RNA sequence: GGGGAUAUAGCUCAGCUGGUUAGAGCGCACGCUUCACAUGCGUGAGGUCAUGGGUUCGAGUCCCCUUAUCCCCACCA
């Protein structure tokens, strides 16, 4: 960079080159048993179907920030990257691609289909991984994994077998959520409920003995084809005499009993509920309690099957229409009401999900949930922010069995075989060739695959080599931080915790750092259908990856959503430019042999800067430890821009011009503070800090592995910091006064300073000249106020001889105003200090701070009064 | 039905375990071709910290009520 010295930072010329430098240099690689303490993050694997979106950008920025920080702190920092096969989403894409060629997966056959799928994965699976590099993600790519690679697949088979052996996986005919479009079962959490405007149909079912009717109400009349009972509440007096009697199901003419079950709410509807065990989860339960037959009336594509008699073949909506029409015609329909109700939809395709009875595999959750609750209760694993543990507990405590089988082909095929001869079920780690029960060789493997989250649940340890007891696993597991969005706590985090605890005996991570969703400027969720998504790659192209990262990391408080506002990115880009130019300034003044160091002799402003810097080091580190990344970033920004650039660099200019020892020392201090600041900024903005750091005469080849600064008590120059603040305050006050009077900055003026801190102001004199337009600075005990504009600070009275601008009346009015303000301040502090309980109960430091404030305000007031008294006229 | 979040300057948001004269960026006004940066510099205007109570020597910060917006869970057919 030194040669070019462009005025503006151009990220496009830097980022790819720096990334390659790091990757080729092997700086992202972690080595087990290096003698350092391990620090591990396992990346939430993005779907191979996906493209990088803002959510990924946020998630990975936070992870990279933590990894880079810990790496610099001297940990053996490992960030494991990888991708997820995303069973349903990927299958949908492949099927779609096949359709375009006029093919179907059935026509192709499973084997050929899977070949196509793998080819597809090969072609697109690397895309998002490349995009992650653009962000600056410093993952150990040599350890990149895929949920369907050999190792992860082995882990899946192992876990399935273990759980089966323990009786925690079972196969059964249950009611599940069926998506007719995706053509598979989905788990309870994959169903999203949407409120829809529907109807409430009141239908009368005739009693078999001809003594009348029982009226029921339903939102889904088509399911009556599968009714096997009508239920009433056992204590409902209206219906007590009917319990045990038989009804004739209209249209179908099936005889069904009237049963009593407390599930029925007598207040709701008619107080009588049609029971369809095959098509409603609650009815299914009722059916079990009363041993009712289960009559499935639907096909996989949600058309009515042969059990639906004349309605067979109709889709669910046509069937509903027809049935309602027939009921009306035959006089069974009593009335129709409007009724808003929630309809379950598929979280992938949004089609209406059908509760449907079928044979599926399930994980028994209760025994797994208990220890998983325990590790969060006892603090082994913590949520940041804490409030998410409540959500976690609530879900875990009310968990139902997990349906894990999916009727699709892309994924981990279930390691279960069925004997064609005796029907024996064999779950095994590898394909068996004989049936252990009957000896038959005719075995057929289960056609289903596992829920994609089944393999994701094992991700923190399967990626480290489990079930083998690898070096990586021993050293890096359990991992430290899991960084993910709150939307995925149930799908993933909870399942990783119970899987980790069950399989490895350890919770997979100590902290779950939860972030929110990235929304658009109006606060709407970014989505394809709204077309309001902002492509992070576009942002990187326009503003640079560092600007994007800084934007995402600042103003983000844990767990809260954040709005993506382009103005913020622009501000971050400007900050990059500020860093660039600060370094450029130093390089322009650099002389042979300069290096970062703390000279033995320090000027007051050097100490002022170093003291600020030293405090920053401590605070930023503390903020990061508490996951307050946004606060840390804000502090770095303020320090760099305000303290370092606006003040120190400006102050240093006089010294640079003078040259000599003083200039040398200024350069050393500047280099020292820049070196440290760039280290602190590196996790937030890795590219520019690396680029610029390498151009500085700092020791070492690359910033990425430099040590993280630690506070140095020798740099706490409390007195000098306070003293120099008097000069800063004076400069500000003079500038303000001049601006108020409309004096052009180019118009220099003499400053006569009356102060009790003569030596401090003597040291500050050159700065008053440079930064407060002083032509000459004189420090003395008293000055003739005549013809002078006055500026009063806590520490000084400053006389600016500008007779032509002096309006005595205005001057007096202004001084009176300042006097009143000072008096008010003093009064309020005195009131506090006179309050005995304040002095007694407040911490000593707080009381002392109040006294200090009072002292300063009093000094100022005295000066104002003096000025007023001296005012001529 | 249950739980949670948010409400601070025109806009977007900080404000950690209670003690600041309540902050930042953008925007706005005024002034600057100051030899790192106009993606800049200086100065300034702008806030009853949603309402009402309470705890406390002291509350934007803790507790309760109310209002508004948003989210999650449950899913009475």
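The values are calculated or read from the model by the stated rules, or taken from the named source; none is laboratory data. Small disclaimer: the values here were computed from a predicted structure and weren't measured. Heads up, the Cβs are rebuilt from the backbone with ideal geometry, glycines too, and the neighbour counts pull from every protein chain shown.
Scan segment A:387-403 for residues that are within 9 Å of RNA strand B (Cβ to nearest atom), closer than 24 Å to residue A:557 by Cα and either in a loop (DSSP other than H, G, I, E, B) or free of Cβ contacts under 8 Å to residues at least 24 places away in the same chain (or both) and jot them down. Of everything in segment A:387-403, those that are within 9 Å of RNA strand B (Cβ to nearest atom), closer than 24 Å to residue A:557 by Cα and either in a loop (DSSP other than H, G, I, E, B) or free of Cβ contacts under 8 Å to residues at least 24 places away in the same chain (or both) turn out to be A:387, A:390, A:394. Within segment A:700-715, residues that are under 20 Å from residue A:26 (Cβ atoms) reach partners that are loosely packed, with under 12 Cβ neighbours inside 10 Å with beta carbons closer than 9 Å, at six or more positions or on different chains, in the pairs A:706/A:699. The helices (runs of 4 or more DSSP H) found entirely in segment A:85-124 that carry 1 or more residues being in contact (Cβ under 8 Å) with a residue 40 or more places away in the chain, in contact with a strand residue (DSSP E or B) (Cβ under 7 Å, 6 or more places away or on another chain) and closer than 26 Å to residue A:459 by Cβ are A:87-100. Meeting the requirement of 3 or more residues that are farther than 30 Å from residue A:603 by Cα, no strands (runs of 3 or more DSSP E) wholly within segment A:756-817 can be named. Being touching a helix residue (DSSP H, G or I) at 6+ places or on another chain (Cβ under 7 Å) and on the phi < 0 side of the Ramachandran plot is a description that does not apply to residue A:417.
When residue A:306 is tested against (1) surrounded by 13 or more Cβ atoms within 10 Å (Cβ to Cβ); (2) closer than 29 Å to residue A:185 by Cβ; (3) away from RNA strand B (no atom under 16 Å from the Cβ), just one condition goes unmet, and that condition is (1). Scanning segment A:246-276 for residues that are near RNA strand B (Cβ under 7 Å from one of its atoms), assigned to a loop (DSSP other than H, G, I, E, B) and touching a helix residue (DSSP H, G or I) at 6+ places or on another chain (Cβ under 8 Å) gives a single hit, A:263. Across segment A:93-150, the qualifying residues are those that are under 19 Å from residue A:22 (Cα atoms) and out of contact with any helix residue (DSSP H, G or I) (no Cβ under 9 Å at 6 or more places or on another chain), and the one among them that is surrounded by the most Cβ atoms within 10 Å (Cβ to Cβ) is A:140. Please tell me if residue A:732 is surrounded by fewer than 18 Cβ atoms within 10 Å (Cβ to Cβ) and modelled with pLDDT of 90 or more. For residue A:732, the condition - surrounded by fewer than 18 Cβ atoms within 10 Å (Cβ to Cβ) and modelled with pLDDT of 90 or more - is met. Inspection of segment A:231-245 finds a residue satisfying the criterion of being under 54 Å from the mean Cα position of the chain (by Cα), part of a strand (DSSP E or B) and either under 26 Å from residue A:395 (Cβ atoms) or touching a residue at least 24 places away in the same chain (Cβ under 8 Å) (or both). The conditions of being surrounded by fewer than 16 Cβ atoms within 10 Å (Cβ to Cβ), under 19 Å from residue A:515 (Cα atoms), modelled with pLDDT of 90 or more and more than 7 Å from RNA strand B (Cβ to nearest atom) are not met by residue A:592.
Residue A:364 meets all of the listed conditions (1) out of contact with any strand residue (DSSP E or B) (no Cβ under 9 Å at 6 or more places or on another chain); (2) surrounded by 15 or more Cβ atoms within 10 Å (Cβ to Cβ) but one, namely (1).
Is it true that residue A:65 is part of a helix (DSSP H, G or I), touching a residue at least 60 places away in the same chain (Cβ under 8 Å) and crowded, with 24+ Cβ neighbours inside 10 Å?
Working: part of a helix (DSSP H, G or I): yes; touching a residue at least 60 places away in the same chain (Cβ under 8 Å): yes; crowded, with 24+ Cβ neighbours inside 10 Å: yes.
Answer is yes for this residue.
If you take the residues in segment A:704-745 that are in a loop (DSSP other than H, G, I, E, B) and away from RNA strand B (no atom under 16 Å from the Cβ), which one is farthest from the chain's Cα centre (by Cα)? Can you show your working first?
Of segment A:704-745, the ones in a loop (DSSP other than H, G, I, E, B) are A:706-712, A:716-717, A:742-745.
Narrowing further to those that are away from RNA strand B (no atom under 16 Å from the Cβ): A:706-710, A:712, A:716-717.
Details: A:706: 27, A:707: 27, A:708: 24, A:709: 27, A:710: 28, A:712: 33, A:716: 36, A:717: 39 Å.
That would be A:717.
Criterion first (surrounded by 14 or more Cβ atoms within 10 Å (Cβ to Cβ), closer than 22 Å to residue A:855 by Cα and modelled with pLDDT under 90) does residue A:806 satisfy it? Criteria not met by residue A:806. Being part of a helix (DSSP H, G or I), under 47 Å from the mean Cα position of the chain (by Cα), touching a residue at least 40 places away in the same chain (Cβ under 8 Å) and surrounded by 15 or more Cβ atoms within 10 Å (Cβ to Cβ) is true of residue A:162. Checking the stated criteria, residue A:50 turns out to be surrounded by fewer than 21 Cβ atoms within 10 Å (Cβ to Cβ), out of contact with any strand residue (DSSP E or B) (no Cβ under 7 Å at 6 or more places or on another chain), at pLDDT below 95 and not in a helix (DSSP H, G or I). If only residues of segment A:318-344 that are in contact (Cβ under 8 Å) with a residue 24 or more places away in the chain and in a helix (DSSP H, G or I) are counted, the one that is nearest to residue A:194 (Cα to Cα) is A:320. Residue check: residue A:383 meets all listed conditions (1) modelled with pLDDT under 95; (2) surrounded by 14 or more Cβ atoms within 10 Å (Cβ to Cβ); (3) not in a strand (DSSP E or B) but one, namely (3).
Residue A:586 - would you say it is near RNA strand B (Cβ under 10 Å from one of its atoms), surrounded by 19 or more Cβ atoms within 10 Å (Cβ to Cβ) and in contact (Cβ under 8 Å) with a residue 60 or more places away in the chain? The answer is yes for residue A:586. When the residues of segment A:624-658 are filtered to those that are within 21 Å of the chain's Cα centre (by Cα) and within 7 Å of RNA strand B (Cβ to nearest atom), the one that is surrounded by the fewest Cβ atoms within 10 Å (Cβ to Cβ) is A:626.
Per the listing A:275, A:248, A:259, the residue uniquely surrounded by fewer than 19 Cβ atoms within 10 Å (Cβ to Cβ) and closer than 28 Å to residue A:326 by Cα is A:248. Of the set (1) assigned to a helix (DSSP H, G or I); (2) under 21 Å from residue A:520 (Cα atoms); (3) in contact with a helix residue (DSSP H, G or I) (Cβ under 7 Å, 6 or more places away or on another chain), all apply to residue A:587 but (2).
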